[in-house]
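Trainee: Got a structure for you, questions after.
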Amino acid sequence: MKLQARAAERYCDHPDGDHLAFLLHGPDAALVAERRRRLTQRLTADDPMRLTSLEPGAVRRDPAVLFDALRSSGFFADAPVVLIEGVPEGLASAVEAALEGLSAQDGRLVLTAGTLTARSVLRRQFEGARVAVALGLYPQPPDAVELEAMLREAGLSCGMTGDALESLVVAGAEMDRGTLAQSIATIALFGLDASEPLEADVVKALLPVTAESETERLVAAVAAGQASEAAMRLRRCLAGGMAPVSIVIQISRHYRMLYGAALGSDPEQAVDRL
């Protein structure tokens, strides 16, 4: 079976009980790792004792290690979940042998990999098997539904207003997955004892400073003569570690551009100067 994009991400929270093997692949290692964590939590019922991690090198040297791990429940009645991260293409034959004859009474296999092309033997194994699924995970901005789910999982019970959620959606589109996860944790911690939904200004203040976008907003506020907005943006830039001289250079460059455009005798010449 083959799933991609949001369908693959949703699947990690609600895996099909008939599937015995799962391949998570994609170019964003942080995204793949985060979805792998959520999937293994569901498969193990959040019991870390049921999770067995194997190194790709160990399986390559002795494929029987994987075969035995999937069919050994040890001291636990529940089936184990066997995890191999960073699986290379060369492990395809060992994986195929381990999956042959795998039944619902045996363990579950979770593999992670980087970018796999459509010609990948490993990927085709999982896409073509009835009891396996290949999950193609690719970076894309999280939507409001996904962000609300992440906030609930992080422990934010009070929620946030519509404007605050919209601000988080916009900010999340500019962040990598690691930064977004840290921001979600910060917001959840701040709202731990809150009884009312968090307001937009609170959420914005908790978000990390993005140097480029924050400087652009500061310059725009200065040019528009918005003193209080400029002061707030300046504090955020400085708190984010920007040097004062860098801020002055950015603002000066903006005015030099405006001055250069103003020297043009017509709009076309002004654009050429810019």
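Trainee: Of the conditions (1) outside any loop (DSSP other than H, G, I, E, B); (2) open to solvent by 10 Å² or more (accessible area, probe 1.4 Å); (3) in contact with a strand residue (DSSP E or B) (Cβ under 9 Å, 6 or more places away or on another chain); (4) of a type outside the set (A, V, I, L, M), ASP16 satisfies every one except a single condition; which number is it?
Mentor: (1)
Trainee: Also, quick follow-up: Among the residues of the range 105-120, is there at least one that is assigned to a helix (DSSP H, G or I), touching a Leu at 6+ places or on another chain (Cβ under 9 Å) and either farther than 18 Å from VAL131 by Cβ or of a type in the set (Lys, Arg) (or both)? Let's see the steps before the verdict.
Mentor: Residues of the range 105-120 assigned to a helix (DSSP H, G or I): none.
There is no residue in the range 105-120 that is assigned to a helix (DSSP H, G or I), touching a Leu at 6+ places or on another chain (Cβ under 9 Å) and either farther than 18 Å from VAL131 by Cβ or of a type in the set (Lys, Arg) (or both).
Trainee: Could you please find all residues in the range 137-166 being crowded, with 20+ Cβ neighbours inside 10 Å and outside any helix (DSSP H, G or I)?
Mentor: Answer for the range 137-166, where residues must be crowded, with 20+ Cβ neighbours inside 10 Å and outside any helix (DSSP H, G or I): LEU137, PRO142, LEU156, MET160.
Trainee: So which residues in the range 167-182 are open to solvent by less than 30 Å² (accessible area, probe 1.4 Å) and in contact with a Pro (Cβ under 6 Å, 6 or more places away or on another chain), if there are any at all?
Mentor: Applying the first criterion (open to solvent by less than 30 Å² (accessible area, probe 1.4 Å)) to the range 167-182 yields 167-168, 171-172, 180.
Answer for the range 167-182, where residues must be open to solvent by less than 30 Å² (accessible area, probe 1.4 Å) and in contact with a Pro (Cβ under 6 Å, 6 or more places away or on another chain): just GLY172.
Trainee: May I pose another question? I'd like the residue in the range 256-267 that is modelled with pLDDT of 80 or more and open to solvent by 100 Å² or more (accessible area, probe 1.4 Å) and, out of all such residues, is farthest from LEU218 (Cα to Cα).
Mentor: Of everything passing the filter in the range 256-267, TYR259 is farthest from LEU218 (Cα to Cα).
Trainee: Additional query: Determine which single condition ILE84 fails, assuming it passes every other condition in (1) in contact (Cβ under 8 Å) with a residue 40 or more places away in the chain; (2) more than 18 Å from the chain's Cα centre (by Cα); (3) open to solvent by less than 30 Å² (accessible area, probe 1.4 Å); (4) closer than 17 Å to LEU43 by Cβ.
Mentor: Condition not satisfied by ILE84: (1).
A quick yes/no check of all residues on (1) out of contact with any Gly (no Cβ under 6 Å at 6 or more places or on another chain); (2) among the small types (Gly, Ala, Ser); (3) modelled with pLDDT of 90 or more:
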site	(1), (2), (3)
SER72	yes, yes, no
VAL87	yes, no, yes
LEU99	yes, no, no
ALA113	yes, yes, yes
ARG124	yes, no, yes
LEU135	yes, no, yes
GLU146	yes, no, no
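Trainee: Would you mind stating whether ASP78 is at pLDDT below 90 and open to solvent by 60 Å² or more (accessible area, probe 1.4 Å)?
Mentor: Details: at pLDDT below 90: yes; open to solvent by 60 Å² or more (accessible area, probe 1.4 Å): yes.
Yes: the conditions hold for ASP78.
Trainee: From PRO56, PRO27, PRO48, grab the single residue that is without any contact (Cβ under 8 Å) to a residue 24 or more places away in the chain, open to solvent by 10 Å² or more (accessible area, probe 1.4 Å) and not aliphatic (A, V, I, L, M). Please lay out each step first, then the result.
Mentor: Working: PRO56 fails: without any contact (Cβ under 8 Å) to a residue 24 or more places away in the chain; PRO27 fails: without any contact (Cβ under 8 Å) to a residue 24 or more places away in the chain.
Exactly one residue qualifies, and that residue is PRO48.
Trainee: So is ARG6 open to solvent by less than 50 Å² (accessible area, probe 1.4 Å) and either without any contact (Cβ under 8 Å) to a residue 12 or more places away in the chain or of a type in the set (Lys, Arg) (or both) or not?
Mentor: no
Trainee: Still on this structure, I have one more. Restricting the first residue to the range 132-143 and requiring it to be under 19 Å from ALA171 (Cα atoms) and of a type in the set (Phe, Trp, Tyr), which pairs with a second residue that is open to solvent by 10 Å² or more (accessible area, probe 1.4 Å) and assigned to a strand (DSSP E or B) meet a Cβ separation below 8 Å and a spacing of at least six or different chains?
Mentor: Close Cβ pairs satisfying both conditions: TYR138/GLN4.
Trainee: If you don't mind, another one. Out of PRO27, PRO80, PRO15, PRO63, which single residue is over 25 Å from SER120 (Cβ atoms) and of a type outside the set (S, T, N, Q)? Can you show your working first?
Mentor: Working: PRO27 fails: over 25 Å from SER120 (Cβ atoms); PRO15 fails: over 25 Å from SER120 (Cβ atoms); PRO63 fails: over 25 Å from SER120 (Cβ atoms).
The unique qualifying residue is PRO80.
Trainee: Further question: What are the pairs, 6+ residues apart or on separate chains, where a residue within the range 147-174 that is of a type in the set (Asp, Glu) has its Cβ under 6 Å from a residue that is surrounded by 15 or more Cβ atoms within 10 Å (Cβ to Cβ)?
Mentor: If the second residue must be surrounded by 15 or more Cβ atoms within 10 Å (Cβ to Cβ), the pairs left are ASP163/ALA200; GLU174/THR210.
The values are calculated or read from the model by the stated rules, or taken from the named source; none is laboratory data. Remember, it's a predicted structure, so these values are computed and weren't measured experimentally. Backbone-built Cβ (ideal geometry, glycine too); neighbour counts: all protein chains shown. Note: accessible area is taken over every heavy atom of the protein model, side chains too, but ligands, DNA and RNA are not part of it. Shrake-Rupley method; radii C 1.70, N 1.55, O 1.52, S 1.80 Å.
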